[in-house]
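The values are calculated or read from the model by the stated rules, or taken from the named source; none is laboratory data. On a predicted model such as this, the values are computed, not experimentally measured, just so you know. Every residue, glycine as well, gets a Cβ built from its backbone with ideal geometry; the counts of neighbours run over all protein chains shown. These area figures cover heavy atoms from the full protein model, side chains too; ligands, DNA and RNA do not enter into them. Shrake-Rupley method; radii C 1.70, N 1.55, O 1.52, S 1.80 Å.
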Amino acid sequence: MLSASIAKKVAMALSGLFLVFFLAQHFTINITSVIDPDTFNEWSHFMGTNPLVQFVLQPILIFGVVFHFIMGIIIELKNNKARQKGYAKYAGNKNSSWASRNMIISGAVVLAFLGLHFYDFWVPEMIYKYVEVNEALESRYYPELVHKFEDPIRVLIYVVSFVLLMFHLWHGFSSSFQTMGWNNKFSKGLQGFTKVYAIAIPAGFIFIALYLHFNQLSH
Amino acid sequence: MKLTLKIWRQKNASAKGAFKNYNVEDVDGDMSFLEMLDVLNADLIDKGEEPVEFDHDCREGICGSCNLQINGRPHGPKRHITTCQLHMRSFNDGDTIVIEPFRATAFPVIKDLVVDRSAFDRIQQAGGYISVNTSGNTIDANSIPVEKENADEAFNSATCIGCGACVAACVNASAMLFTSAKVSQFALLPQGEVEASRRVMNMVEQMDKEGFGGCSNTGACYIECPKDISLENIARINREYLKASVES
């Protein structure tokens, strides 16, 4: 079913939109860590203990992430085959954006970041809850989060990764609608929204990382 | 104007090929790019050397034959023109111009700057037509009312000259703009409705079979298209494809 190039791209667009939706939800919870740590703990506890989130939504999310990356690599390999000998002189910047031509690079950086992110938060959480079977303390989330952002190198990696995510979303979010055949009089407005989203959400994540890091230094 | 031309020379499809530098003098700003190459070739013939092979036919921007990659862009630095419509006043005295064939696995080099674009013909043959009775009972096309907006859009799509600049410009060497234009020119008309599903499925299948890359919506294709074929065509082919997939 996914043999045709258009079918692959549609699958890519749909999984991408799902991840965009997830990102907004993730950001909504994370920003509470800056506003009110108790709310952050409460919401994190809910997400970490609710069976629907843990055993239905979480596997769907992991599948979505893995699917998006595998499909991205498959598409990239096929596209590379379509031009085996490149140009001696190529003026790609005259007709397209860097972000649109290098989705595989921004995607690879985001993938590497996700590896670190899983190592930082998801793996310890899974061990804490399901291996060591500890008591699910609601108050533990905020201190753990703050602790992670003590290290300036980690903060730097976060900032760089989210800048690359910005590029990835800048092209990918708006492009997904075109892939699904949506290009009409409303598209311009939607494009505007996707561009604002592409900047605002990663910038928000960067702000959270920097805030938590520098807030600790000031105390 | 004096220019240095860095031109891709390749004896035949199986030869390796390499760049060769040529100096051309007395280039007039009002010459077309192809006329400048004619001058170079006349000079090479005079010297007993092999002239540079390049495709051309109408030399008035209609046939889509003169497909050259000039300084990293299909048809050169100007928008909405073919190579034959590019004039030498777009360059400066002393410039070095890099001239390459369009690069795509589906467009193999035949010789020097000439590539085989028959992949486009095969995509067209896979469904870029409507089946009409031509046995003497042909119905006048004008007897079927078509909305003005649709007629205009279909006409715009039909202005694609199949030059291959979209493929050459695309980072993925995708033929989506070409194929989508050929699908759109019928998808918008009642005459094209009957075979719509079969058309889009077959043409996309052929496009993939030819080895073109997928579309990642960079927009380079329509920026470099000499006929300004819009990206709406690509959205339309995606729609048509999804519709046909659901129906089948």
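Applying the criterion of being outside any helix (DSSP H, G or I) and within 14 Å of another protein chain (Cβ to nearest Cβ) to the residues of the stretch A:1-43, the residue that is surrounded by the most Cβ atoms within 10 Å (Cβ to Cβ) is A:A4. Within the option set B:I99, B:I81, being in a strand (DSSP E or B) and within 21 Å of the chain's Cα centre (by Cα) holds for one residue only, B:I99.
Of all the residues in the stretch B:177-213, those that are of a type in the set (A, V, I, L, M) and either open to solvent by 10 Å² or more (accessible area, probe 1.4 Å) or in contact with a strand residue (DSSP E or B) (Cβ under 9 Å, 6 or more places away or on another chain) (or both) number 7. Would it be correct to say that A:S161 is within 14 Å of another protein chain (Cβ to nearest Cβ) and hydroxyl-bearing (S, T, Y)? It is false that A:S161 is within 14 Å of another protein chain (Cβ to nearest Cβ) and hydroxyl-bearing (S, T, Y). The numbered conditions (1) at pLDDT below 95; (2) in contact with a Gly (Cβ under 9 Å, 6 or more places away or on another chain) are all true for B:G162 except (1). Condition first: surrounded by 14 or more Cβ atoms within 10 Å (Cβ to Cβ) and more than 7 Å from chain B (Cβ to nearest Cβ). Now tell me which residues in the stretch A:75-96 satisfy that. Result: A:E76, A:N80. Examine the stretch A:46-65 for a residue that is buried (at least 17 other Cβ atoms within 10 Å of the Cβ), in a helix (DSSP H, G or I), in contact (Cβ under 8 Å) with a residue 12 or more places away in the chain and within 14 Å of chain B (Cβ to nearest Cβ), and state whether such a residue exists. No, the conditions are met nowhere in the stretch A:46-65.
Selection of the stretch B:223-248 for residues being of a type in the set (S, T, Y) and over 21 Å from B:S65 (Cα atoms) yields B:Y241, B:S245, B:S248.
Kindly provide the set of residues from the stretch B:51-78 that are open to solvent by 20 Å² or more (accessible area, probe 1.4 Å), touching a residue at least 60 places away in the same chain (Cβ under 8 Å) and either within 14 Å of chain A (Cβ to nearest Cβ) or outside any loop (DSSP other than H, G, I, E, B) (or both), ordered by number. Hit for the stretch B:51-78 is B:R73, nothing else.
Given the criteria among the aliphatic types (A, V, I, L, M), out of contact with any Ser or Thr (no Cβ under 8 Å at 6 or more places or on another chain) and either surrounded by fewer than 13 Cβ atoms within 10 Å (Cβ to Cβ) or not in a loop (DSSP other than H, G, I, E, B) (or both), does B:L40 qualify? In short, yes.
Does A:L116 count as of a type in the set (A, V, I, L, M), assigned to a helix (DSSP H, G or I) and at pLDDT below 95? When the stated conditions are applied, A:L116 passes them.
Candidates in the stretch B:222-235 are the residues that are open to solvent by less than 20 Å² (accessible area, probe 1.4 Å) and assigned to a helix (DSSP H, G or I); of these, the one that is nearest to the other protein chains (Cβ to nearest Cβ) is B:A235.
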